[in-house]
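Here the structure is laid out as structure tokens; the discussion comes afterwards.
Values in this text are rule-based calculations from the coordinates and carry no lab data. The model shown is predicted, which means the values in this text are computed figures rather than measured ones. Cβ placement follows ideal geometry from the backbone for every residue including glycine, while neighbour counts extend to all protein chains displayed.
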Amino acid sequence: MYNNMGPQPGMPRPPGNPQPGPFGNPFTGAGSGFIRGGLGAYGERILGSSSEYVQSNISRYFSDPQYYFQVNDQYVRNKLKVVLFPFLHRGHWTRISEPVGGRLSYKPPIYDINAPDLYIPFMAFGTYVVLAGLSLGLNGKFTPEALNWLFVKGLVGWFLQVMLLKVTLLSLGSGEAPLLDIVAYGGYAFAGLCLAGFSKIMWGYSYYALMPWTCLCTGIFLVKTMKRVLFAEVRSYDSSKHHYLLLFLALVQFPLLIWLGNISVNWLF
Amino acid sequence: MTKDFAVPPVVFPTGGSSGGANVQQRRFSAIPFQQPPPQSSSQIPFLSFNMGSAAASSATTAGPFGGTIASSSSFGGGGGGSPSFEDEEPLLDELGIHPDQIWKKTRSILNPFRINQTVHKDSDLSGPIFLYLALCLFQLLAGKIQFGVILGWIVVSSIFLYVVFNMLAGRNGNLNLHTCTSLVGYCLLPVVVLSAVSLFVPQGAGPVKYVLAGVFVLWSTRACSTLVVSLADGGEEHRGLIAYACFLIYTLFSLLVIF
């Protein structure tokens with residue numbers, strides 16, 4: 001399947017120029033409205049430049065966040081199945097692209113199971129915090145401050161995951177995938193973490209079986225996703241370097257997720 | 001041998017019944033105040049303790065000062081250029097607190113099976129503040145001082161719900177932050193009830209507390225998601241997704257109550 005993807009010139013995601021896409025002008029709508037209002041006003045005050053300059057700069061770093069929330073129930077269910085049991089996914093892993101207005105852009109998540117979304121990562125992160133609080137409470141160590149520290153720990157873990165993916169992309173040439181895509185891919189790890197955390201609450205010993213499983217599944221999911229992203233974004237195809245980096249990506253999931261899943265009062269360890 | 005001396009009777013010009021006014025006269029006699037000017041012209045409403053016109057109702061039941069101020073207020077209206085006391089709005093109206101509306105909204109959430117959505121159309125923040133204080137009070141009775149924590153979590157969770165709803169609803173989502181905070185606050189009512197009930201649950205009954213908390217959290221979630229979807233556009237096809245976000249929020253608050 002990816003034979004015809006390789007020699008094609010890379011199909012970068014449009015860098016969010018304010019052109020009409022399948023989801024319309026990126027800065028209309030209530031969802032993006034407050035980004036434009038908030039960040040635009042702030043940036044205008046700081047940079048002292050015109051609003052369009054600030055907007056175009058912001059759109060270079062953040063693609064339209066509205067795209068990532070075009071989800072529905074069925075997509076969420078199927079995507080969770082893909083994230084938690086990636087080897088059962090029979091179809092292909094490439095994102096469906098459609099030519100819109102002369103540019104190639106990807107279909108939104110409702111139409112494409114392989115598209116990243118931000119709803120699942122946010123909800124999984126929230127569930128992780130709640131489950132962590134629950135497991136702290138069941139051990140009698142719950143305080144609101146401890147929960148706040150766990151929130152910070154989750155954020156740090158998400159940030160590390162995003163850094164890892166970004167560094168992988170950068171070291172292989174162009175790191176031009178949109179930042180929110182990487183944030184979304186990094187946040188999918190929390191879904192597996194929630195499963196492991198839930199099982200820890202239910203029966204303590206199942207955690208030791210489910211945790212390596214989660215790490216493995218998240219590793220496989222990230223490897224398969226990043227492989228497609230690399231094919232799309234990176235011009236030169238250097239096989240061995242690709243493969244070593246992807247293997248490293250999967251192996252690093254183990255310490256990272258074990259650290260995140262280890263819920264105790266001392267948040268750093 | 002006693003020497004009689006004439007004690008002039010102390011007469012206070014109270015207009016009401018003289019019998020009941022005796023006790024009040026005693027109390028009033030202990031208070032030094034200047035003789036009030038004659039009744040018609042009192043430019044400083046609050047200072048004219050004019051008891052000559054204390055109405056019958058005020059003489060019997062009101063406290064010592066209530067009657068006087070009530071009487072003086074009826075004369076203070078004729079005062080000078082400053083805004084008169086009579087023309088001012090009642091304090092609660094001026095503050096924007098409407099107790100009957102708050103009570104109606106609270107009662108609409110008390111029924112877990114059918115929620116009247118029309119009363120929540122105009123959002124207010126004073127009901128949520130009352131519910132927040134009630135939750136903090138019950139937590140205080142349980143020995144946990146969590147005023148700042150609960151306020152912070154209400155703010156963060158309403159921002160969270162606002163972002164999630166508007167992103168999911170897309171172009172035509174029009175939930176605004178005031179309405180969102182109002183709804184999150186009102187739907188805290190089941191959590192307040194949970195914290196009150198859990199004061200009476202015996203200490204060792206673990207699973208009972210969890211089941212109880214689960215029931216109340218589900219009640220809260222149902223109320224909040226129904227209200228949010230019905231009050232703002234664009235949320236109908238995302239009910240389940242929004243309900244999960246509300247569920248997370250109220251589970252967080254119930255963690256504070258249980259543990």
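When Cβ neighbours within 10 Å are restricted to other protein chains, what is their mean count per residue of peptide B:253-259?
Average per residue, whole number: 5.
What is the sum of charges, Lys and Arg at +1 and Asp and Glu at -1, for the other residues whose Cβ falls under 15 Å from the Cβ of B:Leu256?
Every neighbour counted, the sum reads +2.
Give the share of C-alpha pairs in each 5 angstrom bin for the stretch A:152-206, from 0 to the last occupied bin, in whole percents, shortest bins first.
4, 18, 21, 19, 13, 11, 7, 4, 2, 0
Determine the gain in length on full extension of the stretch B:His98-B:Glu236; use 0.36 nm per residue of separation and subtract their C-alpha separation, reporting nm with one decimal.
46.6 nm
Take every Cα pair under 8 Å in the stretch A:179-259 that's 6+ residues apart, average their separations, divide by the length, and report that relative contact order as a whole percent.
Reported relative contact order: 33 percent.
Any idea what diffusion coefficient the stretch B:98-221 gets from Stokes-Einstein, in µm²/s, Kirkwood Rh on alpha carbon pairs, 4 °C, 1.567 mPa s?
Value of D from the Cα-based Kirkwood radius: 83 µm²/s.
Going by how many other beta carbons lie within 10 Å of each one, how would you line up A:Phe87, B:Phe12, fewest first?
By the 10 Å Cβ count, ascending: A:Phe87, B:Phe12.
What is the calculated FRET efficiency for A:Lys141 to B:Glu88, with r their C-beta to C-beta distance and R₀ = 51 Å, to the nearest 0.05?
It comes out at approximately 0.40.
Which chymotrypsin sites (Phe, Trp or Tyr not before Pro) does the stretch A:152-255 hold that lie in a coil by DSSP with at most 15 other beta carbons within 10 Å?
A:Trp203, A:Tyr205, A:Tyr237
DSSP loop chymotrypsin sites (Phe, Trp or Tyr not before Pro) in the stretch B:93-136 with at most 10 other Cβ atoms within 10 Å of their Cβ, which ones?
Hits after loop and neighbour filter: B:Phe113.
Once you order the gyration tensor axes a ≥ b ≥ c over the Cα atoms, which shape class does the stretch B:208-259 get: rounded for a/c under 1.5, otherwise prolate or oblate by comparing a/b with b/c?
prolate
In peptide B:233-241, how many Cβ atoms from other protein chains are near each Cβ within 10 Å, on average?
Mean partner-chain Cβ count within 10 Å for B:233-241: 3.
Can you figure out the FRET efficiency of A:Phe85 with B:Asn176, using R₀ = 41 Å and their beta-carbon distance, to the nearest 0.05?
According to the calculation, E is roughly 0.55.
Once the Cβ-Cβ distance between A:Asn148 and A:Ile201 is put in as r, and R0 is 25 Å, what FRET efficiency do you end up with, to the nearest 0.05?
That gives a FRET efficiency of 0.80.
As a footprinting exposure proxy, order B:Glu236, B:Glu86 by other Cβ within 10 Å, with the fewest listed first.
So the ranking, lowest neighbour count to highest, is B:Glu236, B:Glu86.
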